Amino acid sequence: MKDEFISIASHQLRTPLAGLRWYTSTLAEGIAGALSPQQTELVKVMENCVGQMTTLVNDLLDVARLDQGTLTLNQVKIQPRELLAEVAHTLESKARRLQVSLLITEEGSLCPPVHADKALITEVLRNLVDNALKYTPENGVVKLSAQQEGQSLLFSVSDTGVGIPEDSVDKLFRKFSRVENPMSKRERGSGLGLYFAKGIVEKHGGTIWVRSAPGQGSTFYVKLPL
Amino acid sequence: MEDPNLRKPGYRILLVEDEEFLRRIFKLRLTAEGYEVTDVDSGEAAWEALKDSVPHLIILDLYLPQMSGFEFLQRLKAHAALSQVAVLILSGLGQDADIRKGLELGAKEYVIKTKITPSEFLEIVGRLLKESELRPNPLITAAVD
């Protein structure tokens, strides 16, 4: 019953939201005709609002999936390097727009395959990279890497962003925890992405943690058993 | 803007989406990319459309009136002449069981409607068309029951 409720809620929420996103993007990209500078500015604000609402709905639905306890893993063999390339590819245009370099370091090519749920781990890494982009100023760098560490595979996502205050690190992976972003023009997160990431990584028998200091960027680590 | 028809000639897409406002914007964006798009609002209408022309890609919603997207996919994959047509599911349903079922039934990819941006979606469409086993060509028809 709960499953069915979430499934229907998911569909009913996502349908109009998808409409908003596609129509706004079509206006913003000038596909329906050129906009004046003022119209462009207004549509950008709309895009930002739609982006925030989309993140919130997606994250709420993800957390509902996780919390209902019925989420099962569909583990397959994944090449870490390919996974990182896929994640980077989906966020390339966002990185370009924010003028942040998105790089994959080479260690990944030497890694053995890992058994994991591809869709869920992709979502975890995508979430980490998306966060890194949100908190990294222009001309900054976000790096993705994967390397073998004994019987584990270690993914990392590091950025040259604003960093996380020490007192916020502990609560970072709790529901609705959010670190204030000094770059106020960037979209706000929902405060649920890292909670979901932690839940998914732990379901794989792995661990997730962060090393960060204000002004010195952050590195998020995801360790999965091989 | 670059003439889209010069970029991607001959690729046909069958778009199956029951929400009129979504069908309209998806078709507009796909047409702007230079694809030839036939749009229908149900699984039954999609099956009818296949009698006229076999597309290179079917973009399929799941939550459809009467015949669901899953049923349509099952029927398509069981049909000798149509089983190789690439299917991209674009759905609001995001439960793991839905995703697994869609992929097990033979969809190439499963995209949740709000999870990616329109430009990311169009990139996936472009990639699947390139991978498509049917090359861009004049009208192909298949005997559809």
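For segment A:26-40, residues that are within 14 Å of another protein chain (Cβ to nearest Cβ) and among the polar types (S, T, N, Q) total 1. For B:Ser83, indicate whether it is in contact (Cβ under 8 Å) with a residue 12 or more places away in the chain and farther than 21 Å from A:Arg14 by Cα. Judged against the criteria, B:Ser83 is a match. For segment B:53-69, a residue qualifies if it is closer than 13 Å to B:Glu17 by Cα and either assigned to a helix (DSSP H, G or I) or aliphatic (A, V, I, L, M) (or both), and the qualifying residues are B:Ile58, B:Ile59, B:Leu60, B:Leu62, B:Leu64, B:Met67, B:Gly69.
Checking the conditions here, which among A:Gly33, A:Gly51, A:Gly69, A:Gly19 is loosely packed, with under 13 Cβ neighbours inside 10 Å and within 22 Å of B:Arg23 (Cα to Cα)?
Checking each option against the conditions leaves just A:Gly33.
Is one or more of the residues making up segment B:7-17 surrounded by 15 or more Cβ atoms within 10 Å (Cβ to Cβ), within 14 Å of chain A (Cβ to nearest Cβ) and under 24 Å from A:Ser25 (Cβ atoms)? Yes, there is a match, as at least one residue in segment B:7-17 is surrounded by 15 or more Cβ atoms within 10 Å (Cβ to Cβ), within 14 Å of chain A (Cβ to nearest Cβ) and under 24 Å from A:Ser25 (Cβ atoms). Note on segment B:18-37: among residues that are within 18 Å of A:Arg21 (Cβ to Cβ) and touching a Ser or Thr at 6+ places or on another chain (Cβ under 8 Å), the one that is surrounded by the fewest Cβ atoms within 10 Å (Cβ to Cβ) is B:Leu28. Every condition in (1) touching a residue at least 12 places away in the same chain (Cβ under 8 Å); (2) of a type outside the set (S, T, N, Q); (3) under 25 Å from B:Arg100 (Cβ atoms) is met by A:Glu82 except one, and the failing one is (1).
Of all the listed residues (A:Val43, A:Val57), the sole one being more than 11 Å from chain B (Cβ to nearest Cβ) and among the β-branched types (Val, Ile, Thr) is A:Val43.
Among the candidates A:Phe176, A:Phe196, which residue alone is within 30 Å of B:Arg100 (Cα to Cα), at pLDDT below 95 and not in a helix (DSSP H, G or I)?
A:Phe176
Restricting A:Glu107, A:Glu92, A:Glu4 to residues that are more than 14 Å from chain B (Cβ to nearest Cβ), surrounded by fewer than 17 Cβ atoms within 10 Å (Cβ to Cβ), at pLDDT below 90 and not in a strand (DSSP E or B) narrows the list to A:Glu107.
Among the listed residues B:Leu50, B:Leu93, B:Leu82, B:Leu64, which satisfies the condition of being under 12 Å from B:Leu15 (Cα atoms) and not β-branched (Val, Ile, Thr)?
Residue meeting the stated conditions: B:Leu50.
Looking at B:Ala86, B:Ala49, B:Ala81, which one is out of contact with any Leu (no Cβ under 7 Å at 6 or more places or on another chain) and either more than 22 Å from A:Leu71 (Cβ to Cβ) or surrounded by 14 or more Cβ atoms within 10 Å (Cβ to Cβ) (or both)? On inspection, the qualifying residue turns out to be B:Ala81.
What residue, of A:Leu144, A:Leu154, is modelled with pLDDT of 90 or more, in contact with a strand residue (DSSP E or B) (Cβ under 9 Å, 6 or more places away or on another chain) and surrounded by fewer than 24 Cβ atoms within 10 Å (Cβ to Cβ)? Please lay out each step first, then the result.
Working: A:Leu144 fails: surrounded by fewer than 24 Cβ atoms within 10 Å (Cβ to Cβ).
Testing whether each residue is modelled with pLDDT of 90 or more, in contact with a strand residue (DSSP E or B) (Cβ under 9 Å, 6 or more places away or on another chain) and surrounded by fewer than 24 Cβ atoms within 10 Å (Cβ to Cβ) leaves just A:Leu154.
Scanning segment A:30-79 for residues that are touching a helix residue (DSSP H, G or I) at 6+ places or on another chain (Cβ under 8 Å), in contact (Cβ under 8 Å) with a residue 24 or more places away in the chain and assigned to a loop (DSSP other than H, G, I, E, B) gives A:Gln68, A:Thr70, A:Leu71, A:Leu73, A:Asn74.
Residues that are of a type in the set (S, T, N, Q) and closer than 21 Å to A:Glu138 by Cα within segment A:49-105 comprise A:Gln52, A:Thr90, A:Ser93, A:Gln99, A:Ser101, A:Thr105, listed in sequence order.
The values are calculated or read from the model by the stated rules, or taken from the named source; none is laboratory data. Every value quoted in this text rests on a predicted model; they were computed, and no experiment measured them. Note that we place each Cβ from the backbone using ideal geometry, even for glycine, and neighbour counts take in every protein chain shown.
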